[in-house]
Amino acid sequence: MPQTSAAETSAVAEGDTTFEIAVSTRNISKNFGDVEALNDLSLEFPLGQLTSLLGPSGCGKTTLLKIIAGLLEPTSGEVEVNGQKVTGPGPDRAFVFQDFALLPWASVIRNVAFGLELRGVARSEREAVAESYIKQVGLAGFEHAYPHELSGGMRQRVGLARALAVDAEVLLMDEPFSAVDEQTRRKFQEDLLGLVQDQKKTFIFVTHSIEEAVYVSDQVAILLPRPSRVSEIIRPSSFRGKGVDNIRRDSEYLDIVDEIWASLRRYVE
Amino acid sequence: MMNRSLTLKILSAVILFGAWEIAGHIPVSFAFPTFLESMGALMRMIGDGTMLDAYAETLRPLAVGIAISAFLGIAIGIWVGLSRFFDWLFSPIFIVMQAAPLAALIPLLVLAYGIGLTSKVLVVCIMAMPVIVLNTAGAVRNTPDSIKEMGRSYLATDLDVILKIIIPAASPVIFAGLRLGISAGFIGAILAELKITPTGVGDIITYSRSIADYPSMYAAIFSIILLAVLFLNLLERIEAVLFKGNQRGYASD
């Protein structure tokens, strides 16, 4: 027992400075015409952890996520994923969309398998993979339902299963829980913590909810607008291991939420 | 559910034909036969082969014209919807085609292409194609960005995006355009036979009117409407088989 705890402390002490970096963005600028969405933004995302991009609307957090996804090209600067420069969408990244982005004419199983279908995986194989992820996100029995027959929360579970099914190392989540109801969102947040632990993937999570960011993240990057920049990186440390039920009344959790709100409040009219 | 819809269909047919029968008995016009007289004429013409010969003639420009309009119309529509350049190039042509008073332009077509099959096929196409092209283009243009983006983020090629996302997403509106276009094509086929050379069903209509055989005239008109309705129903079945998830039921269900 003492040995294990000693090993843990040393990992943490060391970790503060030298995490293995899965994704890094360097000097990213992005202009839409005359509008400057991002200006010289650099940020690193540690491997196997969840990093939130938090900020008021218009701070460019979704733009940054789409640049990492390869869906948008930065005006200048570059993104590296596992040491490889990003030039477009790649098999190492999977995206979860705010509005789910499901194909309404396709059944749940086809939607979940869609990423594999596009990669040319044979039908029986991809459906087997899809089925196991459908089960994992708790939608067993709905394989042949269509999206319009599902609730908002169930639809996002389909979106999540689709992202997991392609087995990418990096999961990019663009306000994934903002279109589902409050209770479902809480359940999602708890499930996400489990997912980060089980999957050993790197999660990049865009949200506008301070509580959500602090609750789910290993690292919260606070982005401020005009000009867009990373104002602060916060690493909650003490409550991560305390179990999902205790986080929301942990004093560090509450302090961080207050602190973030104090720094963001003047950007919100 | 199915039974209820079938019952409603039969009921509405009974009401319509009943009203027709009564209107024929009043009569609203000397030139308006009753429903039963018209059906009698229809049976007679089916029996003696007149109808068969007439449709052999009429269906040729109709089938060729509709096939061209559907395939070319959808293809051009997708193209127009995808590219600003092709939109600029083609859209005005089809907007003009749709707005043009076709009956008045038929003499021009005859002048250019004669009185044969070509002119008649063209009339069908001019009637059917614009709405198919314009609907398809509009639907393609309005594919939600988020599912296109989803496709790209999951490594879809441009062709994948067109075949697996844009076309299925546009399919309900494409089929709506096909329905409108094909019914316009039926009108075009009869118009061609009335205005260019009286052949087929158009000939029955013209000839029986000229000898005041109104039941036969209305029987011919009835038969072409019936054919159009059956064909549109078939199209609906095809859509239901091809794009099952597009059936969302009704807002009030």
Listed residues B:A219, B:A169, B:A70; largest mean-square fluctuation, Gaussian network over chain B with Cα springs below 10 Å, found at B:A169
Flagged as over-length at 29 Å C-alpha distance, from A:K30/B:K148; A:K61/A:K135; A:K201/B:K244; A:K85/B:K148; A:K135/B:K164, the pairs are A:K61/A:K135; A:K201/B:K244
Phi-derived 3J(HN,Hα) across the range B:82-99 with the Karplus relation (6.51, -1.76, 1.60, θ = phi - 60°), rounded Hz, x for Gly and Pro, is 8, 10, 4, 4, 6, 4, 4, 6, 9, 3, x, 4, 6, 5, 5, 4, 6, 7
When the charge dipole of the protein assembly as shown is computed with +1 at the Cβ of Lys and Arg and -1 at the Cβ of Asp and Glu, the Cα pointing farthest to the positive end, of B:I74, B:T197, B:L89, is that of B:T197
Going from the fewest other Cβ atoms within 10 Å to the most, one would list A:R157, B:R152 as B:R152, A:R157
Everything considered on the Cα gyration tensor (a ≥ b ≥ c; rounded for a/c under 1.5, else prolate if a/b is larger than b/c, else oblate), chain B must be described as oblate
The equivalent-ellipsoid semi-axes of the range A:211-269, taken as the square roots of five times the Cα gyration tensor eigenvalues and listed largest first in whole Å, are 24, 12, 8
Looking only at lysines whose Cα falls under 20 Å of B:K195's and that sit 8 or more positions away or on another chain, we get B:K120
Ordered by fewest other Cβ atoms within 10 Å, a rough proxy for footprinting exposure, A:K66, B:K9, A:K135 read B:K9, A:K135, A:K66
Given unit charges at Cβ for Lys, Arg (+) and Asp, Glu (-), the dipole magnitude of chain A about its Cα centre in debye, nearest 20, is 460 debye
Chain A, Gaussian network, Cα under 10 Å: of A:P147, A:P176, A:P91, the residue fluctuating most is A:P91
The range A:226-269 and the range B:125-157 have their Cα centres apart by a whole-number Å value of 44 Å
Partner aspartates and glutamates whose C-alpha sits under 18 Å from that of A:K200, ignoring same-chain residues fewer than 8 away, are A:E8, A:E20, A:E44, A:D92, A:D167, A:E169, A:E190, A:D191, A:D218
Once the dipole of chain B is set up from charges on Cβ (+1 Lys and Arg, -1 Asp and Glu), the residue from the list B:V133, B:S223, B:L155 lying farthest towards its positive end is B:L155
Taking chain B and counting helices only, DSSP H stretches of n ≥ 4 at -39,500 (n - 2.57) each over all residues, the nearest-500 ellipticity at 222 nm comes to -27500 deg cm²/dmol
Under the Karplus relation with 6.51, -1.76 and 1.60 and θ = phi - 60°, whole-Hz ³J(HN,Hα) for the range B:211-219, x at Gly and Pro, equal 9, 6, 8, 4, x, 5, 4, 6, 4
With +1 at each Lys and Arg Cβ and -1 at each Asp and Glu Cβ, the charge dipole magnitude of the range A:102-167 around its Cα centre, to the nearest 20 debye, comes out at 120 debye
In units of 2.2 N^0.38 Å, the Cα radius of gyration of chain A is 1.02
What helix-only [θ] at 222 nm does chain A give? Using -39500 (n - 2.57) per DSSP H run of at least 4, over all residues, to the nearest 500, the answer is -12000 deg cm²/dmol
Packing-ranked peptide list from B:137-148, A:24-35, B:120-131, B:11-22, highest mean Cβ count within 10 angstrom first, is B:120-131, B:137-148, A:24-35, B:11-22
Here the range A:25-32 yields Karplus 3J(HN,Hα) values (6.51, -1.76, 1.60; θ = phi - 60°; whole Hz; Gly and Pro given as x) of 10, 10, 6, 6, 10, 9, 10, 10
Most fluctuating of B:L82, B:L108, B:L191 in the GNM of chain B (C-alpha, under 10 Å) is B:L108
To the nearest 20 debye, the protein assembly as shown has a Cα-centred charge dipole, built from +1 on Lys and Arg Cβ and -1 on Asp and Glu Cβ, of 1260 debye
Sorted largest first, the C-alpha extents of the range A:121-222 along its principal axes in whole angstrom are 43, 29, 18
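Since every read-out is calculated from the coordinates, none of them should be taken as a lab result. Treat the numbers as computed from the prediction; the structure is a model and nothing was measured. With ideal geometry, Cβ positions are generated from the backbone for all residues, glycine too; neighbour counts draw on all protein chains shown.
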